[in-house]
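Participant: I'd like to ask some things about the structure below.
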Amino acid sequence: MRLFLAPLIALTALVAQDAPSAEVKVGTGVEKMALQGEATEFKVAANTKIYAWTSVKGAADSTITVSFEKDGKQVSKQELKVARSPYRTWAFRTFRAGDAGKWTAKVLDADGKALGEAAFTVEVEK
């Protein structure tokens, strides 16, 4: 019985490694593919960009969507191509007066399944 279970366990581990996933972080900029000013709370002037940076694995040759959600409702989204795995990319949203609150940046696969997310709070200075 053990001889039959070992290959099954190995196959299960291999499939789990290939399952698409995304590390998601938010910050104030991206330089040389690295996130700058990473935080979970932002106090910004109106018209400031906040970036959602992601490292996507297991989703080569596909499209992802970065969704910015406020209080659980999608406010904006951006579709991005994933050329290889792993693949680093980012999207941003410009925060204006009235955008203060609790936000989530979500990375979704082509079917809308969440691959990763990062929660953050924004306070827009007057």
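Participant: If you plug each phi of the range 30-46 into the Karplus form 6.51 cos²θ - 1.76 cosθ + 1.60 with θ = phi - 60°, what whole-Hz ³J(HN,Hα) values come out, in order, with x for Gly and Pro?
Facilitator: 9, 9, 6, 6, 10, 5, 10, x, 4, 6, 10, 10, 10, 10, 10, 6, 4
Participant: To the nearest 20 Debye, how big is the dipole of the chain about its Cα centre, given +1 on the beta carbon of each Lys and Arg and -1 on that of each Asp and Glu?
Facilitator: So the magnitude is around 100 debye.
Participant: Same structure, new question: Below 30 Å, Cα to Cα, which lysines can Lys32 reach? Residues fewer than 8 away in the same chain don't count.
Facilitator: Partners found: Lys43, Lys49, Lys57, Lys70, Lys77, Lys81, Lys102, Lys106, Lys113.
Participant: Between Lys49 and Asp18, what is the FRET efficiency for a Förster distance of 35 Å, r being their Cβ-Cβ separation, to the nearest 0.05?
Facilitator: The pair Lys49/Asp18 has a calculated efficiency of 0.55.
Participant: Next question, about the same structure. Please say if the chain is rounded, prolate or oblate, where rounded means a/c under 1.5 for a ≥ b ≥ c the square roots of the C-alpha gyration tensor eigenvalues, and otherwise the choice is prolate for a/b larger than b/c and oblate otherwise?
Facilitator: Prolate, since a/c reaches 1.5 and a/b exceeds b/c.
Participant: Further question: Would you please give the FRET efficiency between Lys126 and Lys102, computed as 1/(1 + (r/R0)^6) with r the Cβ-Cβ distance and R0 = 22 Å, to the nearest 0.05?
Facilitator: Once rounded, the FRET efficiency stands at 0.70.
Participant: Say the dipole of the range 20-125 comes from +1 at the beta carbon of Lys and Arg and -1 at that of Asp and Glu; which of Ala83, Phe42, Thr121 then lies farthest toward its positive end?
Facilitator: It is Ala83, whose Cα lies furthest towards the positive end.
Participant: If each residue of separation counts as 0.36 nm, what is the full-extension length gain between Lys113 and Glu79 once their alpha-carbon separation is subtracted?
Facilitator: Residue separation times 0.36 nm, minus the Cα-Cα distance, leaves 10.9 nm.
A short reminder: the numbers here are calculations on the coordinates, not readings from a lab. For clarity, every value in this text was computed on a predicted model and none was experimentally measured. All Cβ positions, glycine included, derive from the backbone under ideal geometry; neighbour counts span all protein chains shown.
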